[in-house]
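Only one structure is covered here, and it is reproduced in the block below.
The values are calculated or read from the model by the stated rules, or taken from the named source; none is laboratory data. Note that the structure is a prediction, hence the values are computed from the model and not measured. Cβ atoms come from the backbone with ideal geometry, glycine included; neighbour counts cover every protein chain shown.
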Amino acid sequence: MTVSLDLPQKLVDELSDEATRRGLSLSEYASQILSAGREKGMPLRTGADLVTYWRSEGLVGTRPEIEDSQAFAREIRRAAERRDRS
């Protein structure tokens, strides 16, 4: 079966590069991605997988009041280290 998709060129380039890296044709790689995307509870194996999942769920960018995420994380860590543990 043939399916045509209208994708942004940047995405096509990224997919092509990854397919080449894996030794696959773009068609084979796209088929793998589409098949894997159908699985429920697909395991998140890397940080990049997690961020991709968060983006797909609309979670990235939901806290515009946090301008510097690393500084915010350090602040949370410091507060946790100083809290009373009794």
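Considering only residues of the range 29-57 that are touching a helix residue (DSSP H, G or I) at 6+ places or on another chain (Cβ under 7 Å) and at pLDDT 85 or above, which is nearest to Val3 (Cα to Cα)? Quick ask: steps written out before the conclusion?
The first filter runs over the range 29-57 and keeps only residues touching a helix residue (DSSP H, G or I) at 6+ places or on another chain (Cβ under 7 Å), leaving 29-30, 42, 44.
Keeping just the survivors that are at pLDDT 85 or above gives 29-30.
Values: Tyr29: 14, Ala30: 11 Å.
That would be Ala30.
Each row is one residue, and each column tells you yes or no for (1) part of a helix (DSSP H, G or I); (2) exposed (fewer than 12 other Cβ atoms within 10 Å of the Cβ).
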{"position": "Glu14", "(1), (2)": "yes, no"}
{"position": "Ala19", "(1), (2)": "yes, no"}
{"position": "Ser27", "(1), (2)": "yes, yes"}
{"position": "Pro43", "(1), (2)": "no, yes"}
{"position": "Gly58", "(1), (2)": "no, yes"}
{"position": "Gly61", "(1), (2)": "no, yes"}
{"position": "Ala79", "(1), (2)": "yes, yes"}
{"position": "Asp84", "(1), (2)": "no, yes"}
